[in-house]
Amino acid sequence: MKAALKSAIASSMIIASVGSTYAADMAVKAPPLPPPVVASWTGCYIGGDVGWYHAHQNGDTSAFPSPGFGAPAINGAGIAGYGVLPTSHGLSRDSVLGGGYGGCNWQQNKWVFGFEGDITWTDNKTGSDAQTVVGSFTGQPANFPPLGTNMQLNSSTQWLASLRGRVGMVVGAGDNVLLYGTGGVAFTDTKYSAVFTPSTNPASLFGFGCPGAAATTCFGTSAVAFSRNQVGWVAGAGVEWRVAPQWLVRVEYLHYGFDGASGIVPAVLANGAAACAGCGWRANWGNLDIDSVRVGAAYQFGGPVVAKY
């Protein structure tokens, strides 16, 4: 009887010891790590950027009405028979730019959808080119018109703005890189001008630069200038990095497309009177294409922080 009792007590002690050891092992084991936390791209943001742009544009002029100021005339018949050959002008220019932007994103799994607006100011660099005007009429002397008879075309872009949609995909560790495409409507303000400058050579024949006594038979300086607000299109792509939970940096390329413009440079005499009814030069500025590259930084407001399993 005593032997059985001792055996039962020993068994109980062994079981209690094993249980205590197991419980001690359970107590020192580390809990499983929580899933990594990533910041969502969902939210609104505002930022600024700087960069460079190249504007490509060409221009030309032609006599109005074409092909010149009336029918060809014999030498000395007067400016009513003056005809001109067209001029061609390259108006491309490069400039720095800077501005601000803002928008909102919505993230769905790996995809990000959003919209953005921006406005950018340029350093107002002017594309300018002057070409010699060439006369064309029956019996004209070989040196007509004289050197210094020029038509100059100018074009300068003041600012750029756009409203665009964005679609992109997040990649990289923690979904901290966004690759995106963008496109929408663009706006700009461009200044245009054209200046006709006659020769100051006193020996020039009728039509250009004759001194005071011939003010009624010689052309004078004339010009046209205007500013045009334009609506066009814009498209591009970019890469954006989340460098801190609410800070974003980017590199972006945008291409803008706008229509050209035209105006009439009146043909006036040296005394300011009209050379002939309806006479002038039609100045044409071709389509304006702008390529820009810019870098920017933005602050994202809010945006939920989510666990990534």
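The values are calculated or read from the model by the stated rules, or taken from the named source; none is laboratory data. Keep in mind that what you see is a predicted model, and the values were worked out from it rather than measured. Ideal geometry is used to build each Cβ from the backbone, glycine not excepted, and the neighbour counts take in all protein chains shown. To get the accessible areas, we keep the full protein, side chains included, count just its heavy atoms, and leave off ligands, DNA and RNA. Shrake-Rupley method; radii C 1.70, N 1.55, O 1.52, S 1.80 Å.
Here are the numbers:
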read-out	value
Residue within segment 45-62 that is open to solvent by 20 Å² or more (accessible area, probe 1.4 Å), at pLDDT below 85 and more than 26 Å from the chain's Cα centre (by Cα) present	yes
So VAL265, is it surrounded by 19 or more Cβ atoms within 10 Å (Cβ to Cβ), assigned to a strand (DSSP E or B), of a type in the set (A, V, I, L, M, F, W, C) and at pLDDT 95 or above	no
Residue satisfying all of: in segment 86-103; among the hydrophobic types (A, V, I, L, M, F, W, C) and open to solvent by less than 20 Å² (accessible area, probe 1.4 Å); nearest to the chain's Cα centre (by Cα) among these	LEU97
Unique residue being open to solvent by 70 Å² or more (accessible area, probe 1.4 Å) and either closer than 19 Å to VAL239 by Cβ or modelled with pLDDT under 90 (or both) when the list is TRP111, TRP121	TRP111
Selection within segment 247-290 - over 35 Å from the mean Cα position of the chain (by Cα) and polar (S, T, N, Q)	ASN271
From the options ASN176, ASN150, residue that is open to solvent by 30 Å² or more (accessible area, probe 1.4 Å), touching a strand residue (DSSP E or B) at 6+ places or on another chain (Cβ under 7 Å) and either at pLDDT below 85 or among the aliphatic types (A, V, I, L, M) (or both)	ASN150
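The rows are residues; the columns are (1) modelled with pLDDT under 95; (2) buried (at least 20 other Cβ atoms within 10 Å of the Cβ).
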position: VAL231; (1), (2): no, no
position: VAL234; (1), (2): no, yes
position: ALA244; (1), (2): yes, no
position: ALA274; (1), (2): yes, no
position: ALA277; (1), (2): yes, no
position: ALA283; (1), (2): yes, yes
position: GLY296; (1), (2): no, yes
position: VAL306; (1), (2): yes, no
position: TYR309; (1), (2): yes, no
